[in-house]
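Each remark here refers to the structure printed beneath this line.
All of the numbers you see were taken from the coordinates with simple rules; none came from a lab. The model shown is predicted, which means the values in this text are computed figures rather than measured ones.
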Amino acid sequence: MRLKNRTPPLPQDVAGWQCLAALLSHLTLYALMVAMPLVGWSMLSAEGYPIVLLGTLHLALIAPHDIHLYLILRKAHMYLALLLSGTFLMHVSAALFHGLIRKDGVFSSMASGGEAAKADRSKRRASVT
């Protein structure tokens, strides 16, 4: 869905570092959602463990059977999982900050796919003038 629709723009008064943090957190989340399964698949391949999907579909091994490579990939998978968890928690915290403290429409934009934020910002502009 995000490939079709860009992230909604942040309000004009959001600090530059927050805009950069939002961009980097999005990129990190998407990169980790691709990297985690690939590293996990490689890790299991290096262990020689077959990956079976839906009971009949077997994924090909994508790494050589090597216990040392398995240990490296297992540690990498763990650190990537920690990074994904931390990034997710920071992203949720920022969303709650915008929803509960700033009340600037960013949270409703995330929850509704962008449409609610446009309505919230229009209301705020109308009440200011």
**OP:** Kindly provide the Kirkwood hydrodynamic radius of region 45-106 in Å, to one decimal, from all pairs of distinct alpha carbon atoms.
**Re:** 14.8 Å
**OP:** List the residues whose amide H sits under 5 Å from the amide H of I51, counting only those 5 or more places along or on another chain, with H placed 1.01 Å from N in the peptide plane.
**Re:** L59
Original post:
What value does region 16-128 have for Rg/Rh, both radii from Cα atoms and Rh as Kirkwood defines it?
Top reply: 1.20
**OP:** Determine ³J(HN,Hα), in whole Hz, for all residues of region 35-41 in sequence, where each value follows from phi through the Karplus function 6.51 cos²θ - 1.76 cosθ + 1.60 and θ = phi - 60°; x replaces Gly and Pro.
**Re:** 5, 4, x, 5, 5, x, 4
Original post:
From the phi of every residue in region 6-23, what ³J(HN,Hα) in whole Hz does the Karplus formula 6.51 cos²θ - 1.76 cosθ + 1.60 yield, where θ is phi - 60° and glycine or proline is x?
Top reply: 5, 5, x, x, 7, x, 4, 8, 6, 4, x, 5, 6, 4, 5, 4, 5, 4
